[in-house]
Structure formats: structure tokens, C-alpha cells
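The block underneath contains the structure these notes are about, expressed in C-alpha cells.
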Amino acid sequence: MKELSVFIDESGDFGEYEHHSPFYIVTLVFHDQSESIAKNISTLDLKIQNYGMPKYTIHTGPLIRREDEFFNLSLLDRRRVFNAIYNFARTSKISYHAIVVEKKQCTEELDLVVKLTRQLSAFLNEHMKSLIGYDRIVCYYDYGQRELTHILVSVFNTVLNHVDFKKVAPASYKLFQATDLLCTLELLSLKAERKTLSRSELTFFLQYGISKNHIYKQYRGKGFNLLSRAT
């Protein structure tokens, strides 16, 4: 049976537009289950172990901003963790697509729901030929936001007729952590374009002598090509 896994993460909320949170981003990572990533997972785990660190659930935003469980890590160690999860995403046989809505364009209460629904539906229909080739599609989401959960379930099951949903714990799936990484990089690229990166975000990258333009050209995805790599 040919199966496709879809890992989904979001950045933003369904509240009113605020200057510090201007975007709503939904990132979808696609993995054909016939393409093993066991070696990639082992490599990632070994790198983290060799750094002498706990087996973290890697949340890229807190890692970059030195928050939560990453507070006591040095900049060098946080960069090592970042590079480990980035290289995992880069070398795994996955692809991804990001849906972006600028919230200041949402003037009515339901505008964000409508825009997300339309973009997701259009994307799935555009790639229908590839998607219907699978016997089963399983969407993995942590059900973190009820509104997005309803949109995902509704759109996927309207467009396709062989979709299941599974609630995911981030610690259980490295590809969910890769989805979080890619979602964060999409947000950072938008902030870089608008020169709104925070001091901690600038410090994390620029102290390594890498220009903002180079970082986001290097890390940001180039669109969706089913079963191609993320970069």
C-alpha cells in the first residue's frame, strides 16, 4: 500500500492583527513512506548525543531565542543543535509547502479562515495528480489550534477521499520537529525582508559571519515539488 505522511505545523494565531505577530503560516511536510529516513534519524540522534546534550524535542524558535529548555545552552551549542535538525531536514527525502497570510489584510472576523481554506484547497487541487496516487494519506498535527484543526480536516476530506488524521506529540516524530523548523524559517525570512528580526534572532545568525540575505536564500524553500527535498 502506497502511503503519504503529511506533517503540519503553524505559526501565529487567529486573534486580531498585532504588530508583533503579523503573519499566519501553515507549513506542510510530505514524506512518502516508501522512502526510509531511518538513517537520517539515527544520524540526528547520534549528533545530539555526541554533543553531550539531552535528547531534546527541538523547537526551533525557542532554540534561536534561547528560551525554555535551551536557556542554559551557549550560542555555539544552540547553533550545533540547529545545524543538526536543519541537516536532517535537508537530507531527508521530504518536500514542503508553506501557506502564508498577512493578517493585516484580514478585516473581517472570518477572513483568516477563508484565506487559509482557499489557499490550502487550491494547493491540494493543484497537486491532485500526485496525491491521488497514494492509497492512504495520514495527516499528523498536534491539534494545537482548534480553528486550524477544523480547516485541515474539512479541506483535506473535501478534496481527497482517503485521508486520516492523527494527533501527534512532537517528541515522537522527528519529521514534526523538521516541520517546526521549516515553519520557523519561513517566518524568519518574512521578518528579514521587513527588517523586523529581533536582537536574539540577529545574534543567532550574524555572529557566525553569515549575512541575512545568504541565510534566507540558503534556508528558505523554493516551493513544492512532491517527493523532492525541502531545499
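A straight chain from E193 to A171 at 0.36 nm per residue would run longer than the Cα-Cα distance by 4.8 nm. May I ask for the distance between the Cα centers of the stretch 66-130 and the stretch 133-171, given as a whole number of Å? The stretch 66-130 and the stretch 133-171 have Cα centres spaced 16 Å from each other. The mean sequence separation of alpha-carbon pairs under 8 Å and at least six residues apart, normalised by the residue count of the stretch 3-219, gives a relative contact order of 30 percent.
Please go through the residue pairs K93/K115; K47/K174; K93/K129; K103/K195; K2/K167 and name each one whose alpha carbons sit more than 24 Å apart in this structure. Going by Cα-Cα distance, K93/K115 fall outside the 24 Å limit.
Taking label positions 7 Å along the Cα-Cβ direction at both E109 and M1, the computed distance is 4.1 nm, reported to one decimal.
Full extension of the chain between I41 and S21 yields a length gain of 3.9 nm, computed as 0.36 nm times the residue separation minus the alpha carbon distance. Count Lys and Arg as plus one, Asp and Glu as minus one, and take only other residues whose Cβ is under 13 Å from that of Y141; the net charge is then -3.
None of the figures in this text is laboratory data; all of them are computed from the coordinates on show. Values in this document were obtained by computation on a predicted structure and should not be read as measured data. No Cβ is skipped: glycine too gets one built from the backbone with ideal geometry, and neighbour counts run over all protein chains shown.
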